[in-house]
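Take a look at the structure below.
The values are calculated or read from the model by the stated rules, or taken from the named source; none is laboratory data. These numbers come from a predicted model, not from an experiment. For neighbour counting, all protein chains shown are included, and Cβ atoms are generated from backbone atoms with ideal geometry for every residue, glycine included.
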């Protein structure tokens with residue numbers, strides 16, 4: 001083979017390699033373009049509500065808080081009942097009975113408890129007896145108040161930072177217990193409700 005033929009053969013091979021490289025690049029870039037178009041159309045479909053999202057959009061931080069609030073906290077070890085005049089409550093009427101929250105608030109005021117707010121429950125009708133909720137710092141106060149309400153439930157509000165206690169009066173509520181016989185002994189550590197969750201497993205370690 002002459003030198004001219006060798007040069008022509010080398011040029012032909014170089015041209016073939018370049019053509020092959022261009023073909024590969026075309027395939028790769030074409031595939032990427034197709035994927036991007038598909039993803040864009042899928043995102044548009046989710047945005048328009050035509051395609052269900054790959055996750056549950058209803059599970060938000062609010063829902064997490066609601067789930068956490070279903071926990072009944074145990075009082076801290078050795079925690080004592082809180083003096084009435086050291087407790088502040090919000091009383092909410094979860095029924096259609098007019099004046100119910102005001103009446104309960106007056107009863108608590110008579111014991112020395114401060115009422116920050118007395119109003120209708122914004123969550124609508126509460127079908128049970130009484131729900132008592134508070135933050136980590138108000139668990140002892142919630143148990144102290146809870147002793148006055150028969151069949152009450154005590155729940156944790158993880159977002160609350162202070163010791164204020166919310167009292168929601170429900171449809172099954174009839175009257176408070178007699179404080180003379182139901183109030184907790186101020187010198188005896190509080191006993192947690194059955195099935196309560198220790199605070200150490202609810203709040204993050206400091």
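Being assigned by TED's automatic domain parsing to the domain that holds residue 83, under 13 Å from residue 75 (Cβ atoms) and surrounded by 14 or more Cβ atoms within 10 Å (Cβ to Cβ) holds for only one residue in 143, 121, 126, and it is 143. Considering (1) within 19 Å of residue 79 (Cβ to Cβ); (2) surrounded by 19 or more Cβ atoms within 10 Å (Cβ to Cβ); (3) without any contact (Cβ under 8 Å) to a residue 60 or more places away in the chain; (4) touching a helix residue (DSSP H, G or I) at 6+ places or on another chain (Cβ under 9 Å), the lone condition that residue 133 does not fulfil carries the number (3). Sub-7 Å Cβ pairs linking a first residue in the range 182-206 that is at positive phi and surrounded by fewer than 10 Cβ atoms within 10 Å (Cβ to Cβ) to a second residue that is modelled with pLDDT of 90 or more and assigned to a loop (DSSP other than H, G, I, E, B), at least 6 apart or interchain, are 195/72, ordered by first then second residue. Could you tell me whether any residue of the range 155-174 is in the same structural domain as residue 86 (by TED's automatic domain parsing), part of a helix (DSSP H, G or I) and at pLDDT below 95? The answer is no, given that none of the residues of the range 155-174 is in the same structural domain as residue 86 (by TED's automatic domain parsing), part of a helix (DSSP H, G or I) and at pLDDT below 95.
Of the residues making up the range 90-130, those that are part of a helix (DSSP H, G or I), under 22 Å from residue 162 (Cα atoms) and either without any contact (Cβ under 8 Å) to a residue 12 or more places away in the chain or touching a helix residue (DSSP H, G or I) at 6+ places or on another chain (Cβ under 8 Å) (or both) are 108, 109, 111. Among the residues of the range 77-89, those that are farther than 13 Å from residue 167 by Cβ and touching a helix residue (DSSP H, G or I) at 6+ places or on another chain (Cβ under 6 Å) comprise 79, 81, 82, 84.
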